[in-house]
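Notes follow once the structure below has been shown.
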Amino acid sequence: MVENNSKANILMMKKLLVFTLIMFVFGYALVPFYEKFCEVTGINNLLRPDVLAKDNWVDEERWVTIEFDANTRGLPWQFKPLQTSARIHPGEPVNVMYEITNNSDREMVGQAIPSYSPRFLDKHLKKFECFCFTKQVLKPNEARQMPVQFVIEPGFPADIHTVTISYTFFELPEGASTAKR
């Protein structure tokens, strides 16, 4: 009886090892399969500024001035955009750098919350990359530059010529999860 159980356990272990190997190979092969699927269906275009720029038209007939603002609430951090404004054509990809410095003597965690003026700008603003997507952990006196890449769609109302994109950093309590925005 003990010998039968031992043989059954060995057989089960072999089956589980084969199953584990098959699942590993499947998981590894899933990445290129997913990338090809996204390429064929066009899903991946939302994540790549170079593809989006080729597919979207740029409205070169008009200009929009974007003002950049940065604030902190309850954090001893210095936070600012490296440029205060940009003049762009709707549909043109934009890359802006922000700089943040932790002026305290302890590690801190913060999350940036965006706000827009006019309020409906978020319906026409497509972000490719933003530090506001994840929490930011800064060591004491650490400084960092962070990019924001986006496009304002060409369908943006023609009667609006100036918009403001503002980010406010708030401290996150320890153990807080990252929120996507």
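The values are calculated or read from the model by the stated rules, or taken from the named source; none is laboratory data. Quantities reported herein were computed from a predicted structural model and do not represent experimental measurements. We place every Cβ from the backbone using ideal geometry, glycine too, and count neighbours over all the protein chains shown.
Consider segment 128-144 and keep the residues that are crowded, with 17+ Cβ neighbours inside 10 Å and part of a strand (DSSP E or B). The one that is farthest from the chain's Cα centre (by Cα) is L138. Which residue, of P157, P93, P114, P81, is exposed (fewer than 13 other Cβ atoms within 10 Å of the Cβ) and either out of contact with any Gly (no Cβ under 7 Å at 6 or more places or on another chain) or among the aliphatic types (A, V, I, L, M) (or both)? Step by step, each of P157, P93, P114, P81 is checked, and only P157 is exposed (fewer than 13 other Cβ atoms within 10 Å of the Cβ) and either out of contact with any Gly (no Cβ under 7 Å at 6 or more places or on another chain) or among the aliphatic types (A, V, I, L, M) (or both). Scanning segment 1-50 for residues that are at pLDDT below 75, among the small types (G, A, S) and in a helix (DSSP H, G or I) yields a count of 0. Of all residues in segment 63-100, those satisfying the criterion of being part of a loop (DSSP other than H, G, I, E, B) and among the small types (G, A, S) are G74, G91.
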